[in-house]
Amino acid sequence: MTVHSISGKTVLIAGGAKNLGGLIATDFAAHGAEAVAIHYNTAATREAAEATAATVEAAGAKACTFQADLTTAAAMETLFADAKAAMGRIDIAINTVGKVLKKPMIEISEAEYDAMSAVNAKSAFFFLKEAGKHVSDQGKVCTLVTSLLGAYTPFYASYAGTKAPVEHFTRAASKEFGARGISVTAIGPGPMDTPFFYPAEGAEAVAYHKTAAALSPWTPTGLTHIEDIVPWIRFLVSDGWWMTGQTILVNGGYTTK
């Protein structure tokens, strides 16, 4: 019988201070992870990262925190090297980093596009590159994308458009790392009930998203909840589960591949 487990594994989570990343960190510790490296972006999220680390340690796992702006290859190299030095190895690498912008294409400036591309596409590429160099054989890598990759909708061109390359990065990495038994996947949640979602949406859009999914009436807010996403990620990166090169879209309680 196949056992799906993360017991005894070491985990690096980019964007692991709070929201989905923070819940992944604490959930994995509760399910037996040996150590969790928690990345956070700026001093503004240091307190949240430290609180998450305290919860991880209370669950019996080692926790370490690292601050970095991951929009440069050098910063990504340093993060992986430091996390590996602190934990001894990296068995699982999860990237939750992202930046959202909801705006008509004709209003998006070059600076805004460059920022979106750096956070959503460039950082994802170099995360996968460093994962390929540092993750243990038979390890697992998972990147957060968006269910908008399967949507036909306006105003998210710079967000979904700069997340879209990550699907190809995932497939390429799965082919290149597969010889070492490394599984590479991506997961695309629907609109999530977190502070990441609300600032980008007006009241009318929020009301729409809370009713848009087939199962919206059966969720607490109608949106996707991070508590429902974490088990999917835990399953994808657990021992005994081997999926690679795939993007899983999870939107408001229903799933497509």
Q: Take every Cα pair under 8 Å in region 1-108 that's 6+ residues apart, average their separations, divide by the length, and report that relative contact order as a whole percent.
A: 31
Q. Do you know the relative contact order of region 10-250, to the nearest whole percent, from alpha carbon pairs under 8 angstrom that are 6+ apart?
A. 19
**Q.** ³J(HN,Hα) computed for each position of region 98-107 - Karplus, 6.51 cos²θ - 1.76 cosθ + 1.60, integer Hz, glycine/proline x
**A.** x, 9, 10, 9, 10, 6, x, 3, 5, 9
Q.
Can you give me the long-range amide H partners of Lys62? Hydrogens built in the peptide plane at 1.01 Å from N, cutoff under 5 Å, separation of 5 or more residues or another chain.
A. Ala35, Val36
Q: Provide the per-residue ³J(HN,Hα) series for region 23-29, in order, calculated from phi with Karplus coefficients 6.51, -1.76, 1.60 and θ = phi - 60°, each as a whole number of Hz, with x at glycine and proline positions.
A: 5, 4, 4, 6, 5, 5, 4
(Q) 5 Å is the cut-off here: which amide hydrogens, built 1.01 Å from N in the peptide plane, fall below it relative to Val145, excluding neighbours closer than 5 in sequence? (A) Ile187, Gly188
Q) Looking at this model, which pairs from Lys62/Lys129; Lys9/Lys103; Lys103/Lys133; Lys140/Lys163; Lys62/Lys102 are more than 32 angstrom apart at the alpha-carbon? A) Lys9/Lys103; Lys103/Lys133; Lys62/Lys102
Q. Given only helices, namely DSSP H runs of n ≥ 4 each adding -39500 (n - 2.57), what is the per-residue ellipticity at 222 nm of the chain, to the nearest 500 deg cm²/dmol?
A. -12500 deg cm²/dmol
Q) Quick one: what Rg and Dmax do you get for the chain from the alpha carbons, in Å? A) 17.3, 55
(Q) Quick one: 3J(HN,Hα) in Hz for region 150-160, Karplus 6.51/-1.76/1.60 with θ = phi - 60°, rounded, Gly and Pro as x. (A) x, 9, 10, 8, x, 6, 10, 4, 6, 7, 4
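None of the figures in this text is laboratory data; all of them are computed from the coordinates on show. Nothing here was measured: the structure is a model prediction, and the numbers come from that model.
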